[in-house]
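All remarks here apply to the structure that follows.
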Amino acid sequence: MEIKKYVYLFKEGKASMKNLLGGKGANLAEMTTLGIPVPQGFIVTTEACNKYYEDGRKISPEIINQIHEKLAQLEEITGKKFGDLNKPLLVSVRSGARVSMPGMMDTILNLGLNDAAVEAMASLTNNPRFAYDSYRRFIQMFSDVVMGIEKRLFEAKIDEMKEEKGVHFDTELTADDLKELVVRFKALYKKEKGEDFPQDPKDQLIESITAVFRSWDNPRAIVYRRLNDIPGDWGTAVNVQEMVFGNKGETSGTGVAFSRDPSTGENAIYGEYLMNAQGEDVVAGIRTPQPIAKLQEQNPEIYKQFEDIVNTLEKHYRDMQDMEFTIEEGTLYFLQTRNGKRTAQSALKIAVDLVEEGMLTKEEALLKVDPKQLDSLLHPTFDPAEMKKVEVVAKGLPASPGAACGKIAFSAEEAKERAANGETVVLVRLETSPEDIEGMIAARGILTVRGGMTSHAAVVARGMGTCCVAGCGELKVSEANKTLEVAGKTLTANDWISIDGSTGNIYAQAIKTVSPEISGYFATFMGWADETRKLKVRTNADTPRDTVQAVEFGAEGIGLCRTEHMFFAEDRIAAVREMIVAKTVEQRRKALDKLLPMQRGDFASMYEALEGRPATIRFLDPPLHEFLPQAEEDIIALAKEMDITYEELKATCEELHEFNPMMGHRGCRLAVSYPEIAEMQTRAVIEAAIEVRNNKGYDVVPEIMIPLVGEIKELKYVKDIVVETAKTVMSEKGVEIPFKVGTMIEIPRAALTADTIAKEAEFFSFGTNDLTQMTFGFSRDDAAKFLKDYYEKKIYEQDPFAKIDQTGVGELMKIAVEKGRSERADIKLGICGEHGGDPSSVEFCHALGLDYVSCSPFRVPIARLAAAQAQIKNPR
Ligand code: PEP
Ligand code: MG
């Protein structure tokens with residue numbers, strides 16, 4: 001039997017093996033092949049990770065053997081040996097999934113040190129301080145990351161030592177101090193774990209690799225995967241790499257660099273470094289690093305070599321690279337490269353520039369931008385009108401663009417809770433770390449006191465498209481007391497703060513934000529997307545204002561106008577309630593008469609805003625619980641308006657109470673009971689269309705959509721009323737206009753009988769919100785409460801209300817498409833559930849052969865790009 005290979009030396013891999021070796025590992029392998037100076041190492045594969053889980057969270061002896069084998073080969077390559085007293089091999093251990101995942105395990109550095117190797121290292125380098133510092137860092141990282149002993153316990157020991165010695169900075173501790181610190185750290189480890197700190201480097205290594213595998217399933221990683229559509233069965237690889245040291249003195253250093261500016265996209269190397277420092281110092285933002293240009297002054301020779309490698313890597317990968325490098329006593333090494341995370345602005349500029357530079361085709365460029373990222377482009381900036389009277393109280397680094405305003409939350413937990421309670425918050429922290437991810441998602445903006453442009457907060461915020469200001473050292477933040485002192489003011493959790501991620505400006509006040517305008521690179525790029533895609537993109541809009549916004553974002557029509565939403569306004573809701581609680585046809589007609597002009601007016605404005613683009617108007621579908629009056633004063637007012645007693649109205653409301661309103665008297669069921677509602681709506685639609693045709697000359701062809709149909713006869717019943725009324729209105733006006741009547745497919749029975757339904761329906765629009773609700777039997781309103789248990793237990797990885805369940809709901813859609821077309825070959829097919837703006841769902845709709853997707857205005861650009869990408873990946 002052939003033995004499966006679970007471990008690869010860097011020189012045995014290549015970039016195309018990303019699925020097996022993880023992104024980081026595959027790129028380390030590729031760089032090795034390209035002849036770039038990379039400290040050598042090996043990669044334990046993602047398959048080994050999956051096997052670890054299959055084997056009940058154990059690394060099998062077979063894999064351990066292979067690790068030991070590759071370790072022996074690495075020892076040969078480096079001429080060093082694990083635990084050796086003359087030439088000890090030290091390695092770093094890092095996780096590396098197919099795509100980089102901030103929620104996962106931190107790096108472990110200096111693995112291989114023990115009581116003997118540290119002595120060897122001290123005399124070898126002639127630098128005992130460096131040796132003991134490395135050892136204490138290793139004990140600290142291993143204990144925290146691998147063994148789960150709290151970091152702060154170690155930090156307290158450092159503080160204790162500094163106090164004893166009367167010094168302020170870690171750097172002021174001597175070799176002997178650090179040696180003593182190692183003793184204390186080991187004692188702490190023993191106290192916490194009940195055993196000695198492991199001295200055998202091979203044990204340290206296997207424990208660390210196990211910890212990486214384990215971290216694939218930690219709660220943060222699961223949340224991150226759900227947000228980023230990363231399947232749980234990808235697994236993570238582990239990279240074991242020889243250490244090089246950037247903290248060996250003033251000829252050593254370490255840094256991170258991007259081949260282009262990740263914020264603006266400008267074609268110039270962008271980066272930060274620190275001399276005499278280890279990688280974590282730069283990333284953690286504990287010391288503030290220098291801009292890369294300084295390196296050119298400091299050491300032009302190294303800079304030249306560095307610049308050449310950066311250019312080679314960018315050309316090779318044909319994309320902006322994010323790299324880590326270390327200089328060890330004057331020798332340059334690259335520790336990692338990957339396609340860099342970037343702001344949406346810079347993603348577009350880079351994509352367009354790379355096409356202009358001849359590096360990419362338009363299609364390749366279109367695939368380089370994550371559609372979801374466009375979201376941040378459409379996000380707010382501060383209202384210029386307000387900016388005249390505001391005062392900048394501090395300035396930090398503009399880490400991720402956009403503007404945010406909210407009350408201050410001093411911890412991720414707090415941000416999450418308060419946001420869940422409907423508050424808008426800005427997360428203010430000394431620095432962020434991966435466990436803050438949920439709070440960062442919940443916050444409108446992120447502000448940190450420490451850290452550079454490449455700190456955790458900055459990188460993660462850019463990835464999420466959330467506004468972020470980092471490294472604002474002027475702020476004095478006490479996370480314990482929940483206070484922020486700035487410019488002589490003390491702010492608390494009750495105070496507002498506004499931050500500008502594009503300038504770094506901080507304001508100790510609330511500032512209104514406004515929606516942005518789209519132009520330049522965005523227009524060019526989206527133009528390419530539009531040329532490419534086959535799927536049309538419409539919008540879900542219920543007001544003239546939303547319609548205008550959506551058209552600006554490129555919507556090609558309205559795919560869903562929820563007419564009940566047109567009555568949410570304070571002054572309109574009363575008329576809808578009156579209609580709902582009416583006991584007689586007369587009462588109902590009276591209410592409908594009030595609604596008619598409002599509807600007609602709105603339809604006319606929307607037709608105008610669409611300038612001839614199509615519009616699907618869905619007839620009333622008000623789940624009763626959203627519309628019945630509940631507050632005492634509303635009931636009193638309505639009773640008065642209807643000229644009935646309070647008691648009478650109260651009794652009617654009680655009668656109308658439903659246990660399952662989502663499955664109750666809504667959708668076309670309402671029109672079946674009260675046909676006069678469909679009459680009024682038809683009248684409003686047709687009259688508005690005639691008016692706009694006459695006044696503006698647009699060829700308005702109304703598409704009337706009947707919701708919640710499950711049976712052909714109910715569709716036929718309502719359709720007959722629509723057609724009858726339309727005829728009456730047209731003869732009253734003396735004009736004939738074309739119109740269509742179609743239905744939503746949102747009840748499984750409709751999907752299953754779609755051929756029959758298509759006899760009456762001229763179009764279908766998939767209402768995947770209800771279709772998901774009814775296929776799963778999950779209440780749309782209640783599922784969120786228990787779905788989190790499903791994610792935790794890995795029963796579901798994704799929210800089926802956000803991303804189409806292709807296996808179940810998708811199968812029903814497929815059946816409906818086939819059956820619908822079998823009856824009516826040219827039937828128009830679309831989707832208007834929330835899924836219409838979700839990229840993976842858009843891809844699915846493209847594959848199904850739908851004509852269009854429809855989504856909320858702000859997701860229109862996302863859907864346009866997703867549709868183009870779907871066409872490139874799977875041409876139709
Ligand atoms: C749907 O069910 O998918 C839909 C678009 O309709 P609503 O969300 O209004 O029920
Ligand atoms: Mg619905």
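Computed from the coordinates by the stated procedures, all read-outs in this text should not be read as laboratory data. Remember, it's a predicted structure, so these values are computed and weren't measured experimentally. Quick reminder, even Gly has a Cβ in these numbers, built from the backbone with ideal geometry, and neighbours come from all protein chains shown.
Structure above, values below:
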quantity: A394 long-range amide H proximity, modeled H, under 5 Å; calculated: I506
quantity: Cα-derived Rg to Rh of the chain, Kirkwood definition; calculated: 1.03
quantity: Cross-link reach list, aspartates and glutamates versus K193, counting only Cα pairs under 18 Å and skipping chain neighbours closer than eight places; calculated: D144, E150, E155, D203, E207
quantity: Centroid-to-centroid separation of the range 720-753 and the range 206-254 [C-alpha atoms, Å]; calculated: 58
quantity: Karplus (6.51, -1.76, 1.60) ³J(HN,Hα), θ = phi - 60°, over the range 609-619, in Hz, Gly and Pro reported as x; calculated: 4, 7, 6, x, 5, x, 9, 9, 9, 8, 6
quantity: Cα-projected label distance for A847 with K389, points at 7 Å along beta-carbon direction, nm; calculated: 5.5
quantity: Length gained when the stretch E711-T728 is fully extended (0.36 nm per residue, less Cα-Cα span); calculated: 3.5 nm
quantity: Between the range 1-39 and the range 114-166, the Cα center-to-center distance that results, in Å; calculated: 32
quantity: For the chain: relative contact order, % (alpha-carbon pairs under 8 angstrom, 6 or more apart); calculated: 9
quantity: For the range 31-96: rounded, prolate or oblate by the Cα gyration tensor [a/c cutoff 1.5]; calculated: oblate
quantity: Calculated on alpha-carbon atoms, Rg and Dmax of the range 398-545 in Å; calculated: 17.4, 58
quantity: R0 of 60 Å, Cβ-Cβ distance R589-K814: FRET efficiency to nearest 0.05; calculated: 0.90
quantity: For the range 93-232, fraction of C-alpha pairs farther apart than 27 Å, in %; calculated: 29
quantity: Calculated [θ] (222 nm, deg cm²/dmol) that DSSP helices of n ≥ 4 give over the chain, each run adding -39,500 (n - 2.57); calculated: -14000 deg cm²/dmol
quantity: Amide proton proximity set for T424, modelled H, under 5 Å, gap of 5+; calculated: K407
quantity: In the range 1-91, the GluC sites (Glu not before Pro) that fall in loop regions by DSSP, at most 16 other Cβ within 10 Å; calculated: E2
quantity: Fewest-first sequence of D500, D217 by Cβ atoms within 10 Å of each Cβ; calculated: D217, D500
quantity: Cα centroid separation - the range 599-636 against the range 835-865, whole Å; calculated: 24
quantity: Where Cα atoms sit under 26 Å apart: lysine pairs in the range 471-559 separated by 8 or more or lying on different chains; calculated: 4
quantity: Ascending count of other beta-carbon atoms within 10 Å, so fewest first, for I269, I3; calculated: I3, I269
quantity: Angle in degrees between helix 712-733 and the longest Cα principal axis of the chain, rounded to the nearest 10; calculated: 60
quantity: Cα gyration tensor shape of the range 289-416, rounded if a/c is under 1.5, else prolate or oblate by comparing a/b with b/c; calculated: oblate
quantity: Cα-centre dipole for the chain with unit charges at Cβ (Lys and Arg positive, Asp and Glu negative), debye to 20; calculated: 1120
quantity: For L9, residues with placed amide H under 5 Å, excluding near neighbours; calculated: I43
quantity: For M275, M387, order by how many other beta-carbon atoms lie within 10 Å, fewest first; calculated: M387, M275
quantity: Dmax and Rg, reported as Rg then Dmax, of the range 1-149 (C-alpha, Å); calculated: 16.3, 52
quantity: Tensor-based shape of the range 748-876 (alpha-carbon gyration tensor, a/c under 1.5 rounded, otherwise prolate or oblate); calculated: oblate
quantity: Estimated inter-spin distance, S60 and T78, nm [label 7 Å along Cα→Cβ]; calculated: 2.8
quantity: Helix 175-193 vs. the chain, principal-axis angle (Cα, 0 to 90°, nearest 10); calculated: 50
quantity: DSSP-loop GluC sites (Glu not before Pro) across the range 614-683, with at most 12 other Cβ within 10 angstrom; calculated: none
quantity: Using alpha-carbon coordinates, inclination of helix 18-33 to the longest axis of the chain, degrees; calculated: 50
quantity: FRET efficiency, K740 to E417 (Cβ-Cβ, R0 60 Å, nearest 0.05); calculated: 0.80
quantity: Inter-label distance, nm, simple model (7 Å from Cα along the C-beta direction), S478/T125; calculated: 3.8
